[in-house]
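Here the structure comes first, spelled out in structure tokens, and everything after it is commentary.
What follows is calculated from the coordinates using simple rules that are stated; it is not laboratory data. Everything numeric here is computed off the predicted structure, so don't read it as measured data. Don't worry about glycine lacking a Cβ; one is built from the backbone with ideal geometry, like all the others, and counts go over all protein chains shown.
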Ligand code: 5GP
């Protein structure tokens, strides 16, 4: 019944819990696919190339950027990140709903190009809780404390762009946040602009409507 999939743009400050929520949503909705971004950031020890990100050199990144291969790209925390047109189009054309996990700059670009996308900001309950998560996540990776302080300051800037988004989900309790996201996706999938209305109207199931 869907005409095309929903493009769900998720942003949150780094450490806001987006990855966990994306994984939860993918388990609930088998038709949902995560768009793997390309980045110049070095992989963290637990990250898998091609799954978490496509890790590339700056040279490779800018070759693709010049070729116009990115639907959006941005410099985030001194590294470059980009979403490949080909990747997103392939998934949407195959009928999947697609999640983009991107920063506020990228979300603003997508809003200009795909205004019908659904924009959701995952808000940590407080900056203190965000700091805790960042320390916990990076404690085994030897990350400099200054990097974490920079990420907290970036978080404040990102939160100031909340007005760009259709929905805000506070990630205090991961179960509640998952349920909220689930409700958003279910509601968005039922919107008339995501449905093939001709197919519904012409469906035999609804013939009685035409006879009335
Ligand atoms: P991290 O390096 O911690 O995985 O991500 C840092 C930030 O980059 C996060 O806010 C994440 O959403 C953002 N990001 C990841 N991929 C992309 C992308 O393709 N485009 C943009 N604009 N931001 C991205």
Computed Rg/Rh of the stretch 1-53, alpha carbon atoms with Kirkwood Rh: 1.00
- line: In nm, the gap between the two label points placed 7 Å beyond Cα toward Cβ at residue 48 and residue 90 is 1.7
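Once you have the Cα-Cα distance between residue 127 and residue 79, take 0.36 nm times their residue separation minus that, and quote the gain in nm to one decimal. Mind dumping the intermediate values first?
Numbers: separation 48, 0.36 × 48 = 17.28 nm, distance 2.25 nm.
My answer for the length gained is 15.0 nm.
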- prompt: Going by the alpha-carbon gyration tensor, a ≥ b ≥ c the square roots of its eigenvalues, is the stretch 51-205 rounded (a/c under 1.5) or, if a/c is not under 1.5, prolate (a/b greater than b/c) versus oblate?
  reply: oblate
task: Alpha carbons only, please: Rg and Dmax for the stretch 51-105, in angstrom.
output: 11.8, 35
Point-to-point label distance, residue 36-residue 63, nm (Cα→Cβ direction, 7 Å offset): 1.8
field: Ordering of 47-56, 113-122 by burial proxy (mean other Cβ atoms within 10 Å per residue, highest first)
entry: 113-122, 47-56
query: Between rounded, prolate and oblate, where does the stretch 1-129 land on the alpha carbon gyration tensor, with a ≥ b ≥ c its root eigenvalues, rounded for a/c under 1.5, else prolate if a/b exceeds b/c?
result: rounded
message: Tell me the mean residue ellipticity at 222 nm calculated for the chain from its helices only (DSSP H runs of n ≥ 4, each -39500 (n - 2.57), averaged over every residue, nearest 500).
response: -13000 deg cm²/dmol
- prompt: Using the alpha-carbon centroid of each, what span in Å lies between the stretch 125-194 and the stretch 11-88?
  reply: 16
task: Subtracting the Cα-Cα distance from 0.36 nm times the residue separation, let me have the gained length for residue 156 to residue 198 in nm, one decimal.
output: 10.6 nm
message: For the stretch 68-141, take N as its residue count and report Rg(C-alpha) divided by 2.2 N^0.38 Å.
response: 1.34
